[in-house]
Amino acid sequence: MIRRLALILTVLVPAVLLCGTQTAVAQEPAVEEEATVVVPDLPPPPYEARLLRLAEILGSVQYLRTLCSTEEETGWRDSMQALLNSETAGEANRRAQLTAGYNRGFRAFAAVYTTCTEAAVVAEERYRHEGATLVAEIVSRYGN
C-alpha cells in the first residue's frame, strides 16, 4: 500500500504544480457490476491527516482554477480520483472522508468567490504550493 501511495503521490506532484480539473466536484464513478473487496476496518495510516488536507486542497484548487482559467483542464479531479482508487480500495469510510474533504475544499471557495479576483489567483497559487509540499512530505516520510 505504501508503494502504491508513493507512486500515486509522485504522479500528483506535477499535477499539483501544473494542472487543473473539470468543474464538477468529486463524485463516485459509475461501476459496472464489479466485485467489491471489503476490507475490515483498519486503523488509518499515519499520514491520514495529511491526505485529508491534500484532498481539501485538490478541491479548492479545482474550484479556483475553473473560476480563473479560460481552458478546461482535467488534472485536479483526475488526481483526486487516482488518490481515491489507490488509497481506499475496499475502505468505503475512508473513501467517503476523502471525497468529503475534496468537496469541502471546493465548496469553501465557491461560497467566497463568484468571479476571478487577484485574491483568488493568489489563493490558488498558495494552495498549489501547499499541496506540492504535502505530497513531498508524504512521499519522503512514508514512501519506499
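The table that follows gives values for the structure above.
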read-out: Test: residue in region 132-142 that is crowded, with 18+ Cβ neighbours inside 10 Å, in contact (Cβ under 8 Å) with a residue 24 or more places away in the chain and of a type outside the set (A, V, I, L, M); value: no
read-out: Number of positions in region 96-114 that are free of Cβ contacts under 8 Å to residues at least 60 places away in the same chain, part of a helix (DSSP H, G or I) and either at positive phi or more than 9 Å from the chain's Cα centre (by Cα) (or both); value: 8
read-out: Criterion (among the polar types (S, T, N, Q) and surrounded by 13 or more Cβ atoms within 10 Å (Cβ to Cβ)) met by exactly one of Asn93, Asn85; value: Asn85
read-out: Scope region 96-122; condition buried (at least 19 other Cβ atoms within 10 Å of the Cβ), of a type in the set (A, V, I, L, M, F, W, C) and touching a Leu at 6+ places or on another chain (Cβ under 7 Å); matching residues; value: Leu98, Phe109, Ala120
read-out: Qualifying positions in region 116-144 - at pLDDT 95 or above, among the hydroxyl-bearing types (Ser, Thr, Tyr) and more than 14 Å from the chain's Cα centre (by Cα); value: Thr117
read-out: Flag for Asp41 being exposed (fewer than 13 other Cβ atoms within 10 Å of the Cβ), of a type in the set (Asp, Glu), at pLDDT below 90 and within 25 Å of Gly143 (Cβ to Cβ); value: yes
read-out: Residue satisfying condition, being closer than 25 Å to Pro43 by Cβ and either in contact with a strand residue (DSSP E or B) (Cβ under 7 Å, 6 or more places away or on another chain) or of a type in the set (Ser, Thr, Tyr) (or both), within set Ser69, Ser79, Ser86; value: Ser86
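The values are calculated or read from the model by the stated rules, or taken from the named source; none is laboratory data. Treat the numbers as computed from the prediction; the structure is a model and nothing was measured. Cβ atoms come from the backbone with ideal geometry, glycine included; neighbour counts cover every protein chain shown.
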